[in-house]
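Accompanying notes for the structure given below.
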Amino acid sequence: MSFAFGSSNFQSHQENAENGARRAKQIAARNGTKRAALGNITNQVRVQPSRAAKAGQGNDENGITKGKVFGQENQPFTIFVDENVAAQEPSKPVSKPLQSHNVLTSISSLNSRLAPLSTAPICIDDSIESPMVLDTSVEEVEEKEPLSREAIITTVPEYAREIYANLREEELKNRAKSTYMKKQQDITTSMRSILIDWLVEVSEEYKLHRETLFLTVNYIDRFLSQMAVQRGKLQLVGAASMFLAAKYEEIYPPDVGEFAYITDDTYTKKQVLRMESLILKVLSFDVAVPTANWFCDTFLKNCEADEKTRALAMFLLESTLIDSETYLKYLPSVVAAASTCLARCAMGLEPWTAELEECTQYKVGHFLECFRDLYKTYCNMDKCPQQAITDKYKGSKYFEIADFTKYPPPPMCPF
């Protein structure tokens with residue numbers, strides 16, 4: 001069965017998608033419904049669904065805000081320079097040009113030392129068995145259940161340990177600085193929480209994968225770790241980061257016009273594309289990074305968790321995206337292990353089994369501090385000003401796992 005399709009079918013599919021998006025916009029404009037725009041980000045709590053466009057800020061055609069901040073000329077983005085990092089690069093050795101006559105001399109001398117292939121003996125000792133001789137002895141092999149085709153393709157059990165070890169190394173290289181907000185002069189942790197809360201709504205509106213949301217937050221935090229951003233451009237950073245993550249993760253990512261549309265046309269397509277280019281340069285094009293979502297999903301598969309336990313673990317994991325001050329200091333795999341353990345505790349299961357300890361290479365003591373922070377977050381989720389994640393997991397799709405009347409958190413911390 002072929003999965004390829006002709007150019008005419010692809011053009012027809014693309015035209016239908018564009019016509020559907022255009023009709024949706026016309027219906028929304030005719031009915032007077034509001035877009036999923038964030039509006040002006042301040043330290044105040046965002047009131048839903050009021051999302052007006054930014055006012056009082058003049059943008060030129062390149063998206064540069066005019067005005068002055070802190071008595072200096074307004075620059076939307078400023079590069080952070082660490083004082084303790086040496087600015088000089090190590091000197092590179094100068095390679096000498098290769099002389100052609102030396103190459104010819106080396107080749108000729110090598111050919112003289114090589115024996116002709118026809119005169120080389122095939123086997124000197126007759127007692128040595130040929131490697132092509134088949135072993136005809138019959139061995140009793142224990143019958144094992146054959147792995148399903150899906151398990152072989154998606155989990156690659158032969159390389160599972162090597163893949164996990166490699167991702168544990170990669171998460172150390174591609175992580176944000178936990179204290180980057182101290183260097184930001186015009187944005188705060190509260191503004192970041194409002195932005196992430198809005199991005200959760202956007203991901204639900206466009207039915208994006210959970211991994212796309214986690215990649216988006218990773219790009220935002222890593223970008224803000226290296227660049228000082230003004231609050232008027234924070235939403236642009238978030239929209240461009242999700243656009244980039246969707247192009248990497250989704251099969252059919254939303255068009256760039258959709259990300260300009262959800263900002264209530266506060267930014268143009270050109271501004272989103274220019275911001276995407278800037279993010280890629282700052283991140284050095286390292287967009288394939290392991291996230292806490294991948295680790296948590298792997299841990300849940302290894303312990304064969306049921307659907308409710310899986311939903312609760314993912315709810316706890318997404319709740320860590322809002323609070324950067326608490327959870328950026330932990331590795332993604334540590335946060336995933338704490339979420340899995342707390343979800344099993346809340347469901348009345350054994351918190352951490354020997355199988356989980358073996359596959360994760362973590363003991364409870366390795367993530368105990370993160371576990372206690374996560375338990376506090378779990379108990380206070382219904383009081384959090386940002387409720388997009390809680391509303392998402394109150395739906396029937398996730399078994400209403402965020403409804404504390406049905407699934408209350410444990411009365412006390414298990415550890």
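Considering (1) farther than 27 Å from Y159 by Cα; (2) at pLDDT 95 or above, the lone condition that E325 does not fulfil carries the number (2).
Tallying residues that are among the β-branched types (V, I, T) and over 23 Å from A288 (Cβ atoms) within segment 226-265 yields 3. Is it true that E355 is surrounded by fewer than 20 Cβ atoms within 10 Å (Cβ to Cβ) and of a type outside the set (G, A, S)? When the stated conditions are applied, E355 passes them. Among the residues of segment 194-234, those identified as more than 16 Å from S319 (Cα to Cα) and hydroxyl-bearing (S, T, Y) are Y206, Y219, S225.
Filter segment 202-220 for residues that are touching a residue at least 60 places away in the same chain (Cβ under 8 Å) and crowded, with 20+ Cβ neighbours inside 10 Å; which is farthest from N293 (Cα to Cα)? Within segment 202-220, the match that is farthest from N293 (Cα to Cα) is V202. The combined condition, being of a type outside the set (S, T, Y), farther than 22 Å from Y407 by Cβ and without any contact (Cβ under 8 Å) to a residue 60 or more places away in the chain, is fulfilled by K363. Of all residues in segment 391-415 being part of a helix (DSSP H, G or I) and in contact (Cβ under 8 Å) with a residue 24 or more places away in the chain, which is farthest from T309 (Cα to Cα)? Among residues in segment 391-415 that are part of a helix (DSSP H, G or I) and in contact (Cβ under 8 Å) with a residue 24 or more places away in the chain, the one farthest from T309 (Cα to Cα) is K392.
Matching residues to (1) within 24 Å of L224 (Cα to Cα); (2) crowded, with 17+ Cβ neighbours inside 10 Å; (3) not charged (D, E, K, R):
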| residue | (1), (2), (3) |
| --- | --- |
| A288 | yes, no, yes |
| T309 | no, yes, yes |
| T320 | yes, yes, yes |
| P332 | yes, yes, yes |
| E369 | no, no, no |
| M381 | no, yes, yes |
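Within the bounds of segment 391-414, is there any residue that is buried (at least 22 other Cβ atoms within 10 Å of the Cβ) and small (G, A, S)? Yes - at least one qualifying residue is present in segment 391-414. Of all residues in segment 294-343, those being assigned to a helix (DSSP H, G or I) and among the charged types (D, E, K, R) number 7. Residues that are more than 16 Å from L312 (Cβ to Cβ) and touching a residue at least 12 places away in the same chain (Cβ under 8 Å) within segment 370-386 comprise C370, R372, D373, C384, P385, Q386, listed in sequence order. Please work out which one of (1) free of Cβ contacts under 8 Å to residues at least 60 places away in the same chain; (2) within 22 Å of L167 (Cα to Cα) is the condition A343 fails and give its number. Of the numbered conditions (1) free of Cβ contacts under 8 Å to residues at least 60 places away in the same chain; (2) within 22 Å of L167 (Cα to Cα), the odd one out for A343 is (2). Taking (1) surrounded by 24 or more Cβ atoms within 10 Å (Cβ to Cβ); (2) among the hydroxyl-bearing types (S, T, Y); (3) in contact (Cβ under 8 Å) with a residue 60 or more places away in the chain; (4) under 16 Å from A176 (Cβ atoms) in turn, S225 satisfies each apart from (1).
The set of residues in segment 257-285 being closer than 22 Å to R210 by Cβ and not charged (D, E, K, R) consists of F259, I262, I279, L283.
The values are calculated or read from the model by the stated rules, or taken from the named source; none is laboratory data. It should be emphasised that the depicted structure is a prediction, and the values quoted were computed from it without experimental measurement. No Cβ is skipped: glycine too gets one built from the backbone with ideal geometry, and neighbour counts run over all protein chains shown.
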